[in-house]
Amino acid sequence: MPATLEVACTDDKCELDMFELHYTYDMPDEVGVGDFTCPYCGERETLEAIEL
């Protein structure tokens, strides 16, 4: 099953609290949170992976 990454935006001004990224099998192993931006506020530095 492809990986799922849950991400939180920690920017106090952003209204989005979390979102999920659903990868395909073709996604390189080294891809992580730092490769994405928040879909709401556009920030990159404020994203953190949610560890369950």
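Results, tabulated for the structure shown:
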read-out: Net charge of Cβ neighbours under 10 Å - reference ASP11; Lys, Arg +1; Asp, Glu -1; value: -3
read-out: Peptides 11-24, 38-51 ordered by average Cβ neighbours within 10 Å, highest first; value: 38-51, 11-24
read-out: Nitroxide proxy distance, nm - points 7 Å out along Cα→Cβ at PHE36 and ASP11; value: 1.5
read-out: Formal net charge of residues neighbouring PRO39 (Cβ-Cβ distance under 13 Å; K, R +1; D, E -1); value: -4
read-out: Nearest-20 debye value, the chain charge dipole, Cβ charges on Lys, Arg, Asp, Glu; value: 120
read-out: Dipole of the chain [Lys/Arg +1, Asp/Glu -1 at C-beta], most positive-end residue of LEU21, GLY32, VAL7; value: LEU21
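Taken together, the values in this text are just the output of simple stated rules run on the coordinates, not laboratory data. Note that the coordinates shown come from a computational prediction; the quantities given were computed from them, not determined experimentally. Glycine gets a Cβ as well: all are built from the backbone with ideal geometry, and neighbour counts include every protein chain shown.
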